[in-house]
Amino acid sequence: MIIKRVDSTDRDFQDLVKLLDADLAVRDGEDHAFYHQFNGIDLLKNCVVVYQENKAVACGAFKPFSEDTVEIKRMYTDPESRGKGLASKSLSELEIWAKEQGYKRCILETGIKQPEAIALYEKQGYRKTPNYGQYIGIENSVCFEKLIQF
């Protein structure tokens, strides 16, 4: 397994995000357009791609949210590669990278129709928080946070 730090111009990252968007369109149904507007990748500078046997199989990213906080975005693992800890490795790499840049906290939003994602974040030490920003009042959203520097 190899993890590469890239930005959103990386073709493998873009291809995985297309698969993520297709999956979310099915899961979110008529709510997809609302969520999709917050998931553009054009300006993401901190992305990771996980490779197994030279094939891109997982990704994730973060973007600055505030002076000391990043927002985790675009987490995805190819269905054939799930259950191998790749999402955990992606998330850990993003946390390390954010820490290296001086950030102290990660926040994220996921949907209640994504139980695998909720399980991942809880397993990795994230705790549920009140919904933030554009997700306030959105019943299908679940928000999490984790302190990464003490």
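The values are calculated or read from the model by the stated rules, or taken from the named source; none is laboratory data. Small disclaimer: the values here were computed from a predicted structure and weren't measured. Heads up, the Cβs are rebuilt from the backbone with ideal geometry, glycines too, and the neighbour counts pull from every protein chain shown.
A compact table of results
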| item | result |
| --- | --- |
| Test: residue in region 85-103 that is buried (at least 17 other Cβ atoms within 10 Å of the Cβ), touching a helix residue (DSSP H, G or I) at 6+ places or on another chain (Cβ under 9 Å) and either under 19 Å from ASP12 (Cα atoms) or free of Cβ contacts under 8 Å to residues at least 12 places away in the same chain (or both) | yes |
| Residue among ASP23, ASP28 that alone is in contact with a helix residue (DSSP H, G or I) (Cβ under 9 Å, 6 or more places away or on another chain), at pLDDT below 80 and farther than 19 Å from LEU94 by Cβ | ASP28 |
| Index of the failed condition, PHE150 passing every other in (1) at pLDDT below 95; (2) touching a helix residue (DSSP H, G or I) at 6+ places or on another chain (Cβ under 9 Å) | (2) |
| Of residues in region 41-52 being at pLDDT 95 or above and surrounded by fewer than 18 Cβ atoms within 10 Å (Cβ to Cβ), the one nearest to GLY111 (Cα to Cα) | LYS45 |
| Residues located in region 92-114, provided they are more than 22 Å from GLN134 (Cβ to Cβ), in a helix (DSSP H, G or I) and of a type outside the set (Asp, Glu) | SER92, ILE96, TRP97, LYS99 |
| Test: residue in region 74-83 that is closer than 19 Å to GLU116 by Cα, of a type in the set (A, V, I, L, M) and either free of Cβ contacts under 8 Å to residues at least 40 places away in the same chain or touching a Lys or Arg at 6+ places or on another chain (Cβ under 8 Å) (or both) | no |
